Structures are given as C-alpha cells and as structure tokens.
1. Say we join alpha carbon atoms closer than 10 Å with springs in a Gaussian network model of the chain; which of Leu39, Leu84, Leu69 then has the biggest fluctuation?
2. Among Gly25, Gly45, Gly95, determine the one that fluctuates most according to a GNM of the chain built with springs between C-alpha atoms less than 10 Å apart.
3. Rounded, prolate or oblate: which one fits region 1-62, using the alpha carbon gyration tensor with axes a ≥ b ≥ c (rounded when a/c is under 1.5, else prolate when a/b beats b/c, else oblate)?
4. At a Förster radius of 22 Å, what calculated FRET efficiency corresponds to the Cβ-Cβ distance of Met75 and Val8, to the nearest 0.05?
5. Please list, in order along region 32-42, the HN-Hα scalar couplings obtained from phi with the Karplus expression 6.51 cos²θ - 1.76 cosθ + 1.60 (θ = phi - 60°), rounded to whole Hz, x for Gly and Pro.
6. Compute the normalised compactness of the chain: alpha-carbon radius of gyration over 2.2 N^0.38 Å, N being the residue count.
Amino acid sequence: MSWIVLVVSGVLEAVWATALGRSEGFTKLWPTVIFGAALVASMGGLAWALREIPTGTGYAVWVGIGATLTVAYGMFTGTEPVSLVKILLILGLVGCIIGLKLVSS
C-alpha cells in the first residue's frame, strides 16, 4: 500500500509543479489553489509512505515520478521542447525508478 501512496504522491508532485508554473508567481487564483492542495496532498502521501519505505529510495522515486510526468506533460502541451535525447533520458529515469522499486526490500 505504501508504494501505491508513493506513486500517487509522485503524480501529485507533477500536478503542483505544473500548477506552480501556471500560477505566475501566485498571481492567478485557481492555479495557486491547485498548487496548494496538490502540495499538501503530495507531501502528506510522501510522509505516510516513508513510514515503510526507506527515505532515500522513497524520495528518489517520488521526485523521479514527479519530474518525469512534469517534463512529459510539458512536452505534450508544447511548453517543453521535444528531442530524442530528452526522451531517452526520461526513459532512463523511468528505468531507474523501476530499478529502485525492484531492489527495495
């Protein structure tokens, strides 16, 4: 269950990171509200998951999921440039996240 919560928290990290960028320095109401709600939920889930998952592994997986989804969303929406090298590096990051889960006890 901790791994499921960690993955959901990682997804919420991508939500708050994207909302932060769209808030334009907290000057837009709804992106700011979404940022705050997603941040609290993401951090709460991370804290809950780290009760059973080692901190280093959990944090790396959480950040990796959030970073991967944030960049992928940016490339999908056109706000982030797309390149073959960038896609390969993201796939490498995903491979590392999976590897951390597989070697975790």
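Just so you know, all these numbers are worked out from the coordinates, no wet-lab data involved. Worth saying up front: this structure is predicted, and the values here are computed from it rather than measured. Using ideal geometry, Cβ is built from the backbone for each residue, glycine included, and neighbour counts are taken over all protein chains shown.
1. Leu84
2. Largest GNM mean-square fluctuation: Gly25.
3. Numbers: a/c = 3.23, a/b = 2.69, b/c = 1.20.
Cα axes put region 1-62 in the prolate bin.
4. Numbers: r = 22 Å, r/R0 = 1.01.
My answer for the efficiency is 0.50.
5. 5, 5, 5, 4, x, 5, 5, 5, 4, 5, 5
6. On the way: Rg = 14.4 Å, N = 105, 2.2 N^0.38 = 12.9 Å.
Rg over 2.2 N^0.38 Å, computed on Cα atoms: 1.12.
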